[in-house]
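Data first, discussion second: the structure below is written as structure tokens.
The values are calculated or read from the model by the stated rules, or taken from the named source; none is laboratory data. A quick note: this is a predicted structure, and the numbers were derived from the prediction, not measured. Cβ placement follows ideal geometry from the backbone for every residue including glycine, while neighbour counts extend to all protein chains displayed.
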Amino acid sequence: MKNSLKIISLLVLLSFISCKQTDSKTSGDLLSEDTNHPSLILTKQGVKDIRANLGSIPIFDKTLAIAQAEIDAEIVKGFDVPVPKDYSGGYTHETHKKNYILMQKAGVLYQILNDEKYAKYVKDMLFEYAKQYPTWPVHPKPRSYARGKLFWQCLNDSNWLVYTSQAYDCIYNYLTEEERTVLETDLFRPFADFISKENPQFFNRVHNHATWGNAAVGMIALAMDDDELLDRALNGVKNVDFNPEEKDNDGGYIRKDGQKIGFFANLNEPFSPDGYFTEGPYYQRYASYPFLIFAQALQNKKPAHKVFEYKDGVLLKSVTALLNLSDAQGEFFLLNDAQKGMSYFNSSLISTVDIGYHFGGNNPELLSIAKMQDEVTLDDAGLAVALGIKEGKEKPFIKKSIQLSDGPDGDQGAVGILRSDDLEVVFKYTAHGLSHGHYDKLSFALFEDGVEVVQDYGMSRFVNIEQKGGGNYLKENTTWAKQTIAHNTITQNEKSQFKGKYDIASNYHSNKYIFSVVDKKVQVASAKEENAYPGTKLHRTMVTIKDEAYKNPYVLDIMRVTSDNTNQYDLPFYFLGQIMQADFEYFKLPTPEVLGKSDGYQHLYKEAEASVKEGNIKLNWLLNNKFYTYSAVTENNDEVIIGRIGANDPDFNLRDEQTLILRKKNAKDALYVSTIESHGTYNPVSELAINAYSNIEQLTVVHNSKEYTAVSIETKNGASKLFIIANENNDKEIKHKLTINNKEYTWKGPYILTENK
């Protein structure tokens, strides 16, 4: 019944739209204007095409009807332009944020429906801003390195201008020349000057913040036909920190320290040739909107810049790269600072997908994503997608195993994603990731069918929830979430990689060693890190193995540590779910103890401990009615710590979650070998557990030297497999020979999975 009412409502709104097109007093006036407006996200031809197709493009019609209903209701309520005073989540912050979204939508509605009430709504709000903006001081909240005027940081001010410039472009012809002069003189140019000239520390960076600033100034420059502002957006602010006579070959100004600035620098430096954004998918999602919306406007208005061809079309590559960095449910993997649950259903990804389709050769796979999003942008790109869907052109977007390089030249490590049936292993061996990077080289996370099984913590922040630090980053993001022990990788001597210092970490990256996914039964990602700890080298190999004898594939994990010194090594395993059974004897402490004093250890409780012998340990747990088992090779005197996050957390800012830490003390070199299996289910209705126990009988390291490591995997069906990796030579053409237990093995390439003789 509810769905029927929704359909009827949409039909009524579409009928209203049709009537408005013929009844409006100014019908046809917009299209007869001989100007360059609209020209940013909508073009004059685009408006004609949209109007010609209204009523016959369901996904576009639905989006339009919803937007119209929203704006009509807001026009009745009126608007508020309050004096800024709040952090994220507060009334003034959320009101100014709401205002720029409403203005953008109202501007688009004016163009499509040709109804003056939408233009008047935008005009009235803009003039209220023009009246108040000159009177506002810098925002009173002092936390940001670059405080805005409307918002507590220039970043959000830039958000406002990116959206508002689109609204201004849409109502440009509705305004008189005198009105445009007032808005540009009292509001837009001072606004652009403030976030650029008055805040060069914000504007002249290579960072997602600067991208928003560059796009904001560039968008309003295009709307006002201001070439000086456009040059500033593309090439940065030329002030005392710059030599205005010194330019690189691309026309971008160079800072005295040699770093390029401006939009093209932000396009060149953070993106690898594969389209991976070094800050990680969460911030790529955030930055994709200014990158692509400004590129769309630049392409529409200044096609000579060939922005979509820049760096071999990296912006268009970034669209598919970002989609590949999501799980089966469309949620982005938690690389670096990231909030759990962010997905490609976010509004910025609506634009990303539509622009990627419209300007990227009409990739039919993007249509299937747009169809799932069930929404399009109300512009030329959205129309192209709507027509593609209407014509049935979509094809499934199939996520495959993929390696995405990091660094502007693709030589600063990578992210490797191994997909085997429903399992997804996300293996991180990248550069640091700018200011949002974590100290977590060679860490990994595991997903099954879109459910996080072995987690990356993500960031310590509750975005736009005012109760938690004004919605901003919490101090625990630095003291916990960024620290090495918070991730599934090696911590040495209870100290974070690179001493937990950004200035050190940003100079280094991990190195790719193997990425091989041709054989779907055995997929391998391997990488090395030699700078995280002085004198210590790390080499990790992740393997997905699909054994025909069992329903689900499993993961083999080999971490080698070699060092010049004797150290303590901790390898945590952040599993999610309820422990069912541990097959080793442990002592549960009557009162949990804080595990350490710094580098994240101060936020971990030790709840149980065990000293184990040579052999294997197993941890069996239940998550979402699925059984999992972690099996690990152990040596005499290895320690097992079962810990929990939440120590020294007086404000309950951290999530209360478990970990198992395998500790090796007084070790110069160390080898960690483990498997992770998904092997059974529990039905709470029938109360029946199926395949609740591990299928792996025994893991054994049968050889470990500088040149080779070999692991035997014995399963409960009596089979025995042997995985061998060459540790020093990854040449695919090299032939290897190794004798193990008087048996000779020969193979070609850096690894082999074979029957154990």
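Among what's in the range 244-272 and is assigned to a strand (DSSP E or B) and modelled with pLDDT under 50, pick the residue that is surrounded by the most Cβ atoms within 10 Å (Cβ to Cβ).
The first filter runs over the range 244-272 and keeps only residues assigned to a strand (DSSP E or B), leaving 244-247, 253-255, 260, 271.
Then drop every residue that is not modelled with pLDDT under 50, which leaves 244-247.
Numbers: 244: 9, 245: 7, 246: 10, 247: 13.
Top of the filtered list is 247.
Quick one: which helices (runs of 4 or more DSSP H) lie wholly within the range 2-88 and hold at least 2 residues that are at pLDDT below 95? Talk me through it step by step, then tell me what you get.
Working: elements: 2-23, 29-32, 44-53, 58-77.
Qualifying helices (runs of 4 or more DSSP H): 2-23, 29-32.
State yes or no: is residue 325 under 26 Å from residue 420 (Cβ atoms), more than 13 Å from the chain's Cα centre (by Cα) and surrounded by 22 or more Cβ atoms within 10 Å (Cβ to Cβ)?
no
Going through the range 673-684 one residue at a time, which ones are of a type outside the set (A, V, I, L, M, F, W, C), buried (at least 20 other Cβ atoms within 10 Å of the Cβ) and in contact (Cβ under 8 Å) with a residue 60 or more places away in the chain? Spell out the reasoning first.
Of the residues in the range 673-684, the ones of a type outside the set (A, V, I, L, M, F, W, C) are 674-675, 677-684.
Subsequent filtering for residues that are buried (at least 20 other Cβ atoms within 10 Å of the Cβ) retains 674-675, 677-680.
Of everything in the range 673-684, those that are of a type outside the set (A, V, I, L, M, F, W, C), buried (at least 20 other Cβ atoms within 10 Å of the Cβ) and in contact (Cβ under 8 Å) with a residue 60 or more places away in the chain turn out to be 674, 675, 677, 678, 679.
Inside the range 100-147, can you point out the residues that are among the small types (Gly, Ala, Ser) and without any contact (Cβ under 8 Å) to a residue 24 or more places away in the chain? Give the derivation first.
Quick first cut of the range 100-147, residues among the small types (Gly, Ala, Ser) only: 106-107, 119, 130, 144, 146.
Within the range 100-147, 144 is the sole residue that qualifies.
State the number of residues belonging to the range 79-98 that are without any contact (Cβ under 8 Å) to a residue 40 or more places away in the chain and either in contact with a helix residue (DSSP H, G or I) (Cβ under 9 Å, 6 or more places away or on another chain) or not assigned by TED's automatic domain parsing to the domain that holds residue 164 (or both). Steps first, please.
Filtering the range 79-98 down to residues without any contact (Cβ under 8 Å) to a residue 40 or more places away in the chain leaves 80, 82, 91-92, 95, 98.
When the remaining residues are screened for being either in contact with a helix residue (DSSP H, G or I) (Cβ under 9 Å, 6 or more places away or on another chain) or not assigned by TED's automatic domain parsing to the domain that holds residue 164 (or both), the result is 80, 82, 98.
Qualifying residue count for the region: 3.
Just one of 616, 625, 637 is touching a Ser or Thr at 6+ places or on another chain (Cβ under 9 Å), under 16 Å from residue 571 (Cβ atoms) and surrounded by fewer than 15 Cβ atoms within 10 Å (Cβ to Cβ); which is it? Walk me through it before giving the result.
Working: 616 fails: surrounded by fewer than 15 Cβ atoms within 10 Å (Cβ to Cβ); 625 fails: under 16 Å from residue 571 (Cβ atoms).
None of the other options fit; the residue is 637.
The conditions are (1) β-branched (Val, Ile, Thr); (2) free of Cβ contacts under 8 Å to residues at least 60 places away in the same chain; (3) under 23 Å from residue 530 (Cβ atoms), and residue 709 fails exactly one of them. Which is it?
All conditions are met except number (2).
Might you let me know whether the range 127-137 holds any residue that is in contact with a Lys or Arg (Cβ under 9 Å, 6 or more places away or on another chain), modelled with pLDDT of 95 or more, among the hydroxyl-bearing types (Ser, Thr, Tyr) and closer than 15 Å to residue 157 by Cα? Show your work before the answer.
Here is the first cut: in the range 127-137, the ones in contact with a Lys or Arg (Cβ under 9 Å, 6 or more places away or on another chain) are 133, 136-137.
This time we only want the ones that are modelled with pLDDT of 95 or more, so: 133, 136-137.
Next cut, among the hydroxyl-bearing types (Ser, Thr, Tyr) only: 133.
From the residues that got through so far, the ones that are closer than 15 Å to residue 157 by Cα too are 133.
Yes, that holds for at least one residue.
Report whether or not residue 456 is crowded, with 22+ Cβ neighbours inside 10 Å and not in a strand (DSSP E or B). Talk me through it step by step, then tell me what you get.
Working: crowded, with 22+ Cβ neighbours inside 10 Å: yes; not in a strand (DSSP E or B): yes.
Judged against the criteria, residue 456 is a match.
Quick one: in the range 478-494, which of the residues that are in contact (Cβ under 8 Å) with a residue 60 or more places away in the chain and surrounded by fewer than 22 Cβ atoms within 10 Å (Cβ to Cβ) is nearest to the chain's Cα centre (by Cα)?
Only one residue tops the list, namely 479.
Among the numbered criteria (1) closer than 25 Å to residue 522 by Cβ; (2) among the hydrophobic types (A, V, I, L, M, F, W, C); (3) assigned by TED's automatic domain parsing to the domain that holds residue 518, which one does residue 689 miss?
Failing condition for residue 689: (1).
Give the residues of the range 380-405 that are over 25 Å from residue 453 (Cβ atoms), charged (D, E, K, R) and either in contact (Cβ under 8 Å) with a residue 24 or more places away in the chain or crowded, with 18+ Cβ neighbours inside 10 Å (or both), sorted by residue number. Give the derivation first.
At the first step, the residues of the range 380-405 found to be over 25 Å from residue 453 (Cβ atoms) are 380-395, 405.
Adding the requirement that they be charged (D, E, K, R) leaves 380, 390-391, 393-395.
Matches in the range 380-405: 380, 390, 393, 394, 395.
Could you check the range 686-708 and list, in sequence order, the residues that are hydroxyl-bearing (Ser, Thr, Tyr) and in contact with a Lys or Arg (Cβ under 8 Å, 6 or more places away or on another chain)? Don't jump to the end; show me each part of the working.
To start, the set of residues in the range 686-708 that are hydroxyl-bearing (Ser, Thr, Tyr) comprises 686, 693-694, 700, 705, 708.
Result: 694, single match.
Does the range 715-724 hold any residues that are touching a residue at least 24 places away in the same chain (Cβ under 8 Å) and either surrounded by fewer than 17 Cβ atoms within 10 Å (Cβ to Cβ) or more than 35 Å from the chain's Cα centre (by Cα) (or both), and which are they?
As a first pass, look at the range 715-724 and keep what is touching a residue at least 24 places away in the same chain (Cβ under 8 Å): 715, 717, 719-724.
Passing the criteria: 715, 717, 719, 720, 721, 722.
Given (1) closer than 30 Å to residue 46 by Cβ; (2) out of contact with any helix residue (DSSP H, G or I) (no Cβ under 7 Å at 6 or more places or on another chain), identify the lone condition not met by residue 427.
Every listed condition holds for residue 427 apart from (1).
For the range 137-151, does any single residue satisfy the condition of being out of contact with any Gly (no Cβ under 6 Å at 6 or more places or on another chain) and part of a helix (DSSP H, G or I)? Give the derivation first.
First, the residues of the range 137-151 that are out of contact with any Gly (no Cβ under 6 Å at 6 or more places or on another chain): 137-138, 140-151.
Filter once more, keeping what is part of a helix (DSSP H, G or I): none.
No.
In the range 273-290, which residues are of a type in the set (A, V, I, L, M) and modelled with pLDDT of 95 or more? Explain how you work it out, then say what you get.
Residues of the range 273-290 that are of a type in the set (A, V, I, L, M), as a first pass: 287.
None; the set is empty.
Would you call residue 373 buried (at least 19 other Cβ atoms within 10 Å of the Cβ), touching a helix residue (DSSP H, G or I) at 6+ places or on another chain (Cβ under 7 Å) and outside the structural domain of residue 528 (by TED's automatic domain parsing)?
On the way: buried (at least 19 other Cβ atoms within 10 Å of the Cβ): yes; touching a helix residue (DSSP H, G or I) at 6+ places or on another chain (Cβ under 7 Å): yes; outside the structural domain of residue 528 (by TED's automatic domain parsing): yes.
The answer is yes for residue 373.
Scan the range 289-320 for residues that are polar (S, T, N, Q) and closer than 22 Å to residue 170 by Cβ and jot them down. Step through it out loud before you land on a result.
Pass one, the range 289-320, residues polar (S, T, N, Q): 296, 299-300, 318, 320.
Scanning the range 289-320 gives 296, 299, 300.
Here are some residues: 291, 359. Which one is of a type in the set (Phe, Trp, Tyr), more than 12 Å from the chain's Cα centre (by Cα) and under 27 Å from residue 440 (Cβ atoms)?
Working: 359 fails: under 27 Å from residue 440 (Cβ atoms).
Only one candidate qualifies: 291.
Quick one: would you say residue 321 is part of a loop (DSSP other than H, G, I, E, B) and in contact (Cβ under 8 Å) with a residue 40 or more places away in the chain? Write out each step before concluding.
Details: part of a loop (DSSP other than H, G, I, E, B): no; in contact (Cβ under 8 Å) with a residue 40 or more places away in the chain: yes.
No, not satisfied.
Output yes when any residue across the range 566-573 is among the hydroxyl-bearing types (Ser, Thr, Tyr) and surrounded by 16 or more Cβ atoms within 10 Å (Cβ to Cβ), and no when none is.
Scanning the range 566-573 turns up at least one residue that is among the hydroxyl-bearing types (Ser, Thr, Tyr) and surrounded by 16 or more Cβ atoms within 10 Å (Cβ to Cβ).
Please work out which residue is nearest to residue 645 (Cα to Cα), limiting yourself to the range 486-531 and to residues that are among the charged types (D, E, K, R) and outside any strand (DSSP E or B). Write out each step before concluding.
Of all residues in the range 486-531, those among the charged types (D, E, K, R) come to 494-495, 499, 501, 503, 512, 519-521, 528-530.
Those still in the list that are outside any strand (DSSP E or B) too: 494, 499, 501, 503, 519-521.
Values: 494: 16, 499: 21, 501: 22, 503: 27, 519: 39, 520: 36, 521: 36 Å.
It comes out as 494.
Can you give me the number of residues within the range 652-671 that are touching a residue at least 40 places away in the same chain (Cβ under 8 Å) and not in a strand (DSSP E or B)?
6
Does residue 443 qualify as being touching a strand residue (DSSP E or B) at 6+ places or on another chain (Cβ under 9 Å), small (Gly, Ala, Ser) and either on the phi > 0 side of the Ramachandran plot or in the same structural domain as residue 527 (by TED's automatic domain parsing) (or both)? Steps first, please.
Working: touching a strand residue (DSSP E or B) at 6+ places or on another chain (Cβ under 9 Å): yes; small (Gly, Ala, Ser): yes; either on the phi > 0 side of the Ramachandran plot or in the same structural domain as residue 527 (by TED's automatic domain parsing) (or both): yes.
Yes: the conditions hold for residue 443.
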